[in-house]
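To keep things clear, I will list the structure first and then write my remarks on it.
The numbers here are math on the coordinates, done by the rules we state, and not lab data. Note that the coordinates shown come from a computational prediction; the quantities given were computed from them, not determined experimentally. Positions of Cβ are backbone-derived with ideal geometry, glycine not excepted, and every protein chain shown enters the neighbour counts.
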Amino acid sequence: MYHVAVVGAGMAGLSCARHLHHAGITVSVFDKGRGPGGRMASRRIDTPEGPASFDFGAQYFTVRDADFAEQVQDWLAHGVAAPWPAARADAFVGVPAMNSILRHLAAPHEVTFSALVHGLKRHGRRWELLCDGQHDRHYDSVVLALPAEQTAPILTLHDFDLAQTALFARSQPSWTGMFAFAQPLAHATGVIRDTAMIAWAARDNAKPGRSGPESWVVQATPQWSLAHLEHRPETIGPHLLQALAVETGGALPALIGQSIHRWRYGLSAGTGSGSLWNPEIALGACGDWLIGPRIECAWLSGRHLAERIIGTLSQFAR
Ligand SMILES: Cc1cc2nc3c(=O)[nH]c(=O)nc-3n(C[C@H](O)[C@H](O)[C@H](O)COP(=O)(O)OP(=O)(O)OC[C@H]3O[C@@H](n4cnc5c(N)ncnc54)[C@H](O)[C@@H]3O)c2cc1C
């Protein structure tokens, strides 16, 4: 049975896994994180008013491609996604959290979390993942579904031509704050976008399927995030809160919980090539950075690579 190792349980990796699985191919998925999500991550913070939950990566997604629209209908039918018109008329979110969609996509597969893959080793025609605790298992093919900056060092040793695409792709950072308050903020729509410092801020507890205390996600612009990239998180929080206070009319209510996250490789540039695949050594890469910085693009890139792998296998079968 042909066996593919997918490294990365974000949208691209799980889309690739899904399409391979539907073609009858055995898939094992690995991720360094503690659960599925990647840049569609969600986090819970305990507060005196109960748990507050935040989507601290992607905020919502939109749909342009007809096949992705069909996939979204399936998520709606399974209750893991819902429209969020407060963000924009055609926006969707995961429910009850953004990462619910990825949990749903991951369910049919063998997924190993807390598995940091630091390299690959070739044994004849098969691959070994260099990853603590994963020795002695060999795969027919490997898919790298990681941001470009994390793909490049692994690809370089095995296919420098493919690696060049990743080496030239550059992501932009995002400093993101998650803040829970004792009282609601004075803001009617609960969505703030494109101010001098804030790229996006939203009242997360008002998204579909959420509850809990007043909770806001605040994401700084890429320019501001880059200028403060190496600052410590505890110095970033006050800036994000100050910017939120300005936009919501002055003094903020008492803060009852907070967390700060730096997305070093947050928003990809998008190279437009769809996916990378070397059929000779059965090594490929997918991810939003191979199309554009959106959830839909990550899904399309994963499917693009799966179709190329399936195409290669059917050529050998002829
Ligand atoms: C702040 C922010 C806001 C955004 N807002 C939106 C939005 O509103 N709408 C939208 O459509 N998109 C948005 N995006 C973009 C969207 O999140 C991404 O396009 C999409 O989630 C990328 O999916 P991916 O699978 O390509 O990569 P990722 O989600 O990054 O998945 C890569 C996975 O690989 C794992 N990994 C990395 N290195 C290793 C390793 N060595 N070994 C094992 N595992 C590894 C990571 O843990 C991660 O789970 C936003 C992104 C950010 C950061």
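Some notes on this structure:
- To the nearest ten degrees, helix 11-22 and the longest principal axis of the Cα atoms of the chain are 40 degrees apart.
- Working ranking of peptides 1-13, 227-239 by packing, defined as the average number of other Cβ atoms within 10 Å per residue, highest first, is 1-13, 227-239.
- Rounded to the nearest whole Hz, the Karplus-based 3J(HN,Hα) values (6.51 cos²θ - 1.76 cosθ + 1.60, θ = phi - 60°) of region 56-72 follow the sequence 9, x, 4, 9, 6, 9, 10, 10, 10, 7, 5, 5, 5, 4, 5, 4, 5, with x at glycine and proline.
- Trp200 long-range amide H proximity, modeled H, under 5 Å: Asp194, Gln219
- Between 0 and 90 degrees, the angle of helix 233-247 with respect to the longest Cα principal axis of the chain falls at about 60 degrees.
- For region 113-169, the gyration tensor built on C-alpha atoms gives an oblate shape. Its axis ratio a/c (a ≥ b ≥ c) is at least 1.5, and a/b is not larger than b/c.
- Translational diffusion coefficient of region 92-222 (Stokes-Einstein, Kirkwood radius from Cα pairs, 10 °C, 1.306 mPa s): 85 µm²/s.
- Vicinal HN-Hα couplings computed from phi for region 184-191 (Karplus, 6.51 cos²θ - 1.76 cosθ + 1.60; Hz; Gly/Pro x): x, 7, 7, 8, 5, 7, x, 9
- Cα gyration tensor category, rounded, prolate or oblate, for region 250-307 with a/c compared to 1.5: prolate
- Hull volume per residue, based on the alpha-carbon atoms of region 1-144 and their convex hull, is 129 Å³.
- Normalised convex hull volume, the chain, alpha-carbon set, Å³ per residue: 136
- For region 192-318, the C-alpha radius of gyration sits at 1.48 times the compact-globule guess of 2.2 N^0.38 Å, with N the residue count.
- Region 219-288 - Rg over Rh from alpha carbon coordinates, Kirkwood radius: 1.21
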